[in-house]
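Following: one structure in structure tokens, then a few remarks.
The values are calculated or read from the model by the stated rules, or taken from the named source; none is laboratory data. Everything quoted here is computed from the prediction, not taken from an experiment. Backbone-built Cβ (ideal geometry, glycine too); neighbour counts: all protein chains shown.
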Amino acid sequence: MESVESIETFYRSKLNWMPDNLKKELGHFNVFKLEDFAGKKCSAHNRKEYYKISLIRGRNRYEYADKVIETEKNALIFSNPQVPYHYDVPDEEHDGYFCIFTEAFFSNSAPAGFMNIR
């Protein structure tokens with residue numbers, strides 16, 4: 001059975017803390033600097049229960065389902081809960097940001113008339 005990484009697992013395993021308001025909000029959104037994760041182990045090739053958008057500079061290798069994407073310079077990566085993924089950072093020379101957010105944040109933040117396309 002395929003494992004799914006929860007947002008709670010992300011916070012515990014990567015940051016060793018949990019936001020106090022994680023379960024009290026209508027949805028969750030947070031932004032991180034990649035440099036704050038230097039030396040931390042990347043997630044296994046699995047699905048996450050949250051969405052992720054990454055803006056990255058430097059060499060990276062992404063494995064999405066059955067595809068491999070290698071980036072050399074700048075990349076904007078979108079990840080969603082339906083597709084398992086994993087990434088490796090072959091160099092120490094990379095930086096950027098990423099944000100994670102839940103389905104509830106996405107659904108509750110959409111303007112009137114917005115269509116959720118999947």
Whichever residue in the range 72-94 is part of a strand (DSSP E or B) and either of a type in the set (A, V, I, L, M, F, W, C) or at pLDDT 85 or above (or both) and, among such residues, is surrounded by the most Cβ atoms within 10 Å (Cβ to Cβ): 79
Pairs where the first residue, in the range 20-41, is in a loop (DSSP other than H, G, I, E, B) and at pLDDT below 75 and the second is basic (Lys, Arg) and surrounded by 10 or more Cβ atoms within 10 Å (Cβ to Cβ), C-beta under 7 Å, 6+ apart: 40/14
Filtered residues of the range 1-19 (kept if modelled with pLDDT of 80 or more and acidic (Asp, Glu)): 5, 8
